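> There's a structure below that I have some questions on.
The values are calculated or read from the model by the stated rules, or taken from the named source; none is laboratory data. This is a predicted model, so every value here is computed, not measured. In this analysis, Cβ positions are derived from the backbone assuming ideal geometry, glycine residues included, and neighbour counts consider all displayed protein chains.
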């Protein structure tokens, strides 16, 4: 007998609300559907009534976590329209801010994933190490989030020479902590048993669904806008794209943890270059935007962000299309969740680092009797209990 | 643009396409509706392009749909432009053979009122269930 398990629509842990309907037989998921749109704000329409400069700040508010990826993709689009080259210093600053954002986003995810599977130590560690990243953000941009650093033609604020030594020191410390955290996760036998082979997204499915970012790279689909279409300073520094072939939750976690180390590497190289470059030359003034169209993309922590703008020569765009990575990553649940148990679906949906919702508002209802079976806490409990069982088995 | 991909498109589809090379990394290909699916298949299957997304723009003559394909290895974005003419606003669906186009076609359908022929699952995606039929929020007439 199959039952329907609704998850959603409000998500108290991560960002946006979404509503999953799982069709289950026993504990196994046999079909699944996703409903989104609860938080649709019509930003694309709103962008048509704001000026080109205001839109930079508007798109920053698309997401609280990727709040620099959207402006970067947007200014890439406008600079593509203008065929504008920005100063070298601005390129390095853009890369620093974007990589800092990746660091804090990945650490946040690792912490939450740790909590989901009953590893609260990982949660405490990851969030503790995320804190210095936010403190640096506050020092160099004035804000812990929504940094407002990006403008058409460059960046809004310089990174001062006197801030760089402390910044580099913080990165060195974070590199050590991140290495410890990475080893703790990658070498843990219980985590291997718990996460390997769970929610496998094959490379073929990854390509068909057009998934992006760590979700794609965890499935052996080797794409990264930073390398494939270099923007900011990514072609001026030395770093690697991390890929894993397995496509399971473990691979996605490993991609993110190892990417943190690459981000630290990129930031350090950029800061060293910033020390040498003359201060002050960090933007070119842009007077007006001519008629035309432009396409810009950038690699956000969750994958490629894509922006298209069209201008009629006025002070506002006549069309501004925004495509966030979760829009492509979400539908792939159909390929990775079916056949898994409810305890794992909670984890697989979280592994894509989407705007995932479950917990408090989630209830499982027996379709025939209308009786409630699970609520949100039960879902997290199921997930944690499975880890506990594996741990006990390994001990015993 | 590398690989001479634009030349190949011109050779294969002749007068049904009009190619515009904007820069070394961006190109726009205006196509007739009748060859849209063939051009898309040509890019996806023979040149392993990645479907990024589609943008729709409301114009005087209808809704212009832009399918953005990324050729990641060559750092090129080829945008295929096609016009869904007024008054019917219909277009062939890419989602019939491409999962990645499923959601964006649903979005364009509800926001602009373009009907995608052959789409496997044309339900609402973003708008609430009680949104009035026949009102399309992203059209220029909506304020």
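> Looking at (1) more than 20 Å from the chain's Cα centre (by Cα); (2) touching a residue at least 40 places away in the same chain (Cβ under 8 Å), find the lone condition where residue A:235 falls short.
Residue A:235 satisfies every listed condition except (2).
> For region B:131-142, which positions are crowded, with 16+ Cβ neighbours inside 10 Å and more than 23 Å from residue A:330 (Cβ to Cβ)?
The one that is crowded, with 16+ Cβ neighbours inside 10 Å and more than 23 Å from residue A:330 (Cβ to Cβ): B:136.
> Right, another one. Please indicate, with yes or no, whether at least one residue in region A:61-82 is without any contact (Cβ under 8 Å) to a residue 60 or more places away in the chain and either within 14 Å of chain B (Cβ to nearest Cβ) or buried (at least 19 other Cβ atoms within 10 Å of the Cβ) (or both).
For region A:61-82, residues without any contact (Cβ under 8 Å) to a residue 60 or more places away in the chain and either within 14 Å of chain B (Cβ to nearest Cβ) or buried (at least 19 other Cβ atoms within 10 Å of the Cβ) (or both): absent.
> Here are some residues: A:194, A:144, A:139. Which one is free of Cβ contacts under 8 Å to residues at least 24 places away in the same chain, farther than 30 Å from residue B:98 by Cβ and in contact with a helix residue (DSSP H, G or I) (Cβ under 7 Å, 6 or more places away or on another chain)?
Step by step, each of A:194, A:144, A:139 is checked, and only A:144 is free of Cβ contacts under 8 Å to residues at least 24 places away in the same chain, farther than 30 Å from residue B:98 by Cβ and in contact with a helix residue (DSSP H, G or I) (Cβ under 7 Å, 6 or more places away or on another chain).
> Just to be sure before I move on: is residue A:149 under 27 Å from residue A:179 (Cα atoms) and under 22 Å from the mean Cα position of the chain (by Cα) in the structure I sent? Don't jump to the end; show me each part of the working.
Numbers: under 27 Å from residue A:179 (Cα atoms): no; under 22 Å from the mean Cα position of the chain (by Cα): yes.
So residue A:149 fails the test.
> Run residue A:261 past the list (1) touching a residue at least 60 places away in the same chain (Cβ under 8 Å); (2) within 15 Å of the chain's Cα centre (by Cα); (3) assigned to a helix (DSSP H, G or I) and report the number of the one that doesn't hold.
(2)
> May I ask you to list the residues in region B:64-76 that are in contact (Cβ under 8 Å) with a residue 60 or more places away in the chain and part of a strand (DSSP E or B)?
Correct list: B:71, B:76.
> Follow-up. Quick check on region A:32-46. Is at least one of its residues outside any helix (DSSP H, G or I), away from chain B (no Cβ under 11 Å) and within 24 Å of residue A:331 (Cβ to Cβ)? Before the answer, list the steps.
First pass over region A:32-46, keeping only residues outside any helix (DSSP H, G or I): A:32-42.
From the residues that got through so far, the ones that are away from chain B (no Cβ under 11 Å) too are A:32.
From the residues that got through so far, the ones that are within 24 Å of residue A:331 (Cβ to Cβ) too are A:32.
Checking region A:32-46: at least one residue is outside any helix (DSSP H, G or I), away from chain B (no Cβ under 11 Å) and within 24 Å of residue A:331 (Cβ to Cβ).
> For region B:77-92, does any single residue satisfy the condition of being buried (at least 23 other Cβ atoms within 10 Å of the Cβ), at the interface with chain A (Cβ under 8 Å from one of its Cβ atoms) and touching a residue at least 12 places away in the same chain (Cβ under 8 Å)?
yes
> Restricting to region A:305-344, name every residue that is surrounded by fewer than 20 Cβ atoms within 10 Å (Cβ to Cβ) and within 18 Å of residue B:57 (Cβ to Cβ).
Selection gives A:312, A:313, A:314, A:316, A:318.
> Given the criteria at pLDDT below 95, on the phi > 0 side of the Ramachandran plot and over 18 Å from the mean Cα position of the chain (by Cα), does residue A:199 qualify?
Considered against the rule, which asks whether it is at pLDDT below 95, on the phi > 0 side of the Ramachandran plot and over 18 Å from the mean Cα position of the chain (by Cα), residue A:199 comes out as yes.
> Kindly indicate whether any position in region B:11-21 is within 14 Å of chain A (Cβ to nearest Cβ), in contact with a helix residue (DSSP H, G or I) (Cβ under 6 Å, 6 or more places away or on another chain), surrounded by fewer than 19 Cβ atoms within 10 Å (Cβ to Cβ) and in a helix (DSSP H, G or I).
So far as region B:11-21 goes, no, none of its residues is within 14 Å of chain A (Cβ to nearest Cβ), in contact with a helix residue (DSSP H, G or I) (Cβ under 6 Å, 6 or more places away or on another chain), surrounded by fewer than 19 Cβ atoms within 10 Å (Cβ to Cβ) and in a helix (DSSP H, G or I).
> Moving to a separate point now. Is one or more of the residues making up region A:159-170 more than 30 Å from residue A:78 (Cβ to Cβ), in contact with a helix residue (DSSP H, G or I) (Cβ under 8 Å, 6 or more places away or on another chain) and buried (at least 16 other Cβ atoms within 10 Å of the Cβ)?
yes
> Here is a further query. Of the residues A:206, A:216, which is in the same structural domain as residue A:255 (by TED's automatic domain parsing), touching a helix residue (DSSP H, G or I) at 6+ places or on another chain (Cβ under 6 Å) and farther than 24 Å from residue A:77 by Cβ?
On the way: A:216 fails: farther than 24 Å from residue A:77 by Cβ.
Result of the check over A:206, A:216: A:206.
> Any chance you could count how many residues in region B:93-130 are buried (at least 16 other Cβ atoms within 10 Å of the Cβ) and in contact (Cβ under 8 Å) with a residue 12 or more places away in the chain?
The total comes to 25.
> Can I ask one more? Picking from B:48, B:70, which residue would you name as being surrounded by 19 or more Cβ atoms within 10 Å (Cβ to Cβ) and either modelled with pLDDT of 95 or more or at the interface with chain A (Cβ under 9 Å from one of its Cβ atoms) (or both)?
Every option except B:70 fails the conditions.
> For residue A:241, work out the one condition from (1) within 14 Å of chain B (Cβ to nearest Cβ); (2) closer than 24 Å to residue A:53 by Cα it doesn't fulfil.
The failed condition is (2).
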